[in-house]
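The values are calculated or read from the model by the stated rules, or taken from the named source; none is laboratory data. In this text, all values refer to a predicted model and were calculated from it rather than measured experimentally. With ideal geometry, Cβ positions are generated from the backbone for all residues, glycine too; neighbour counts draw on all protein chains shown.
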Amino acid sequence: MNEDIRVLLVDDERLVLRSMEKSLIRAGFDAEAASDVRAGFELFQEAIAAGEPFDIAVLDLNMPNFEGEIDPNAGLKLLSKLLEVVPDLPVVVLTAFDEVSRAKDAVARGARAYFVKGREAGLIELINDIMSTDACIREE
């Protein structure tokens with residue numbers, strides 16, 4: 001089932017990005033990774049144009065913005081752009097321990113959940129929960 005779920009993963013921390021991408025792929029997801037919001041948005045647009053849109057996005061908060069400058073709100077800006085294109089796209093915001101209040105703000109802006117980095121098994125479980133909930137809603 002997971003192989004049918006396309007995940008967009010955007011994080012500028014190379015080791016974190018690689019670890020999460022490998023974990024998602026091992027769990028059977030079709031995951032694609034980008035290291036900043038510009039590259040992430042390009043992947044997102046390319047997937048839509050190819051008729052293979054992402055089912056869920058996982059975004060870091062603090063990374064290079066669309067102008068290439070480090071921005072603590074870059075993930076929020078990408079969240080807004082993604083939801084402008086696909087309003088019901090499930091988005092999970094990744095955060096460090098000291099960013100939880102900002103992650104909660106992301107949820108208020110439309111993200112489905114936030115997740116503290118470093119526990120990939122929990123992220124996989126969260127994605128499965130969100131996707132199964134969305135599938136139930138679509139079936140009703």
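Here are some residues: VAL116, VAL58. Which one is farther than 21 Å from ILE5 by Cα and either among the hydrophobic types (A, V, I, L, M, F, W, C) or in contact with an Asp or Glu (Cβ under 7 Å, 6 or more places away or on another chain) (or both)? Please lay out each step first, then the result.
Values: VAL58 fails: farther than 21 Å from ILE5 by Cα.
Being farther than 21 Å from ILE5 by Cα and either among the hydrophobic types (A, V, I, L, M, F, W, C) or in contact with an Asp or Glu (Cβ under 7 Å, 6 or more places away or on another chain) (or both) holds for just one of VAL116, VAL58, which is VAL116.
For the stretch 5-16, enumerate the residues that are crowded, with 16+ Cβ neighbours inside 10 Å and either more than 11 Å from the chain's Cα centre (by Cα) or of a type in the set (Lys, Arg) (or both).
Step one: list which residues in the stretch 5-16 are crowded, with 16+ Cβ neighbours inside 10 Å, which gives 5-13, 16.
ILE5, ARG6, ASP12, GLU13, VAL16, listed by residue number.
Taking the stretch 77-101, which residues are surrounded by fewer than 20 Cβ atoms within 10 Å (Cβ to Cβ), touching a strand residue (DSSP E or B) at 6+ places or on another chain (Cβ under 8 Å) and among the β-branched types (Val, Ile, Thr)?
Once the filter is applied, which keeps residues that are surrounded by fewer than 20 Cβ atoms within 10 Å (Cβ to Cβ), touching a strand residue (DSSP E or B) at 6+ places or on another chain (Cβ under 8 Å) and among the β-branched types (Val, Ile, Thr), the stretch 77-101 yields only VAL100.
Just to be sure before I move on: is LEU83 at pLDDT 90 or above, in contact with a helix residue (DSSP H, G or I) (Cβ under 8 Å, 6 or more places away or on another chain), part of a helix (DSSP H, G or I) and closer than 21 Å to MET131 by Cα in the structure I sent?
On the way: at pLDDT 90 or above: yes; in contact with a helix residue (DSSP H, G or I) (Cβ under 8 Å, 6 or more places away or on another chain): no; part of a helix (DSSP H, G or I): yes; closer than 21 Å to MET131 by Cα: yes.
When the stated conditions are applied, LEU83 does not pass them.
From the list GLY75, GLY40, exactly one residue is in contact with a Leu (Cβ under 8 Å, 6 or more places away or on another chain), free of Cβ contacts under 8 Å to residues at least 40 places away in the same chain and not in a loop (DSSP other than H, G, I, E, B). Which is it? Give the derivation first.
Values: GLY75 fails: free of Cβ contacts under 8 Å to residues at least 40 places away in the same chain.
Selected residue: GLY40, the only one of GLY75, GLY40 that is in contact with a Leu (Cβ under 8 Å, 6 or more places away or on another chain), free of Cβ contacts under 8 Å to residues at least 40 places away in the same chain and not in a loop (DSSP other than H, G, I, E, B).
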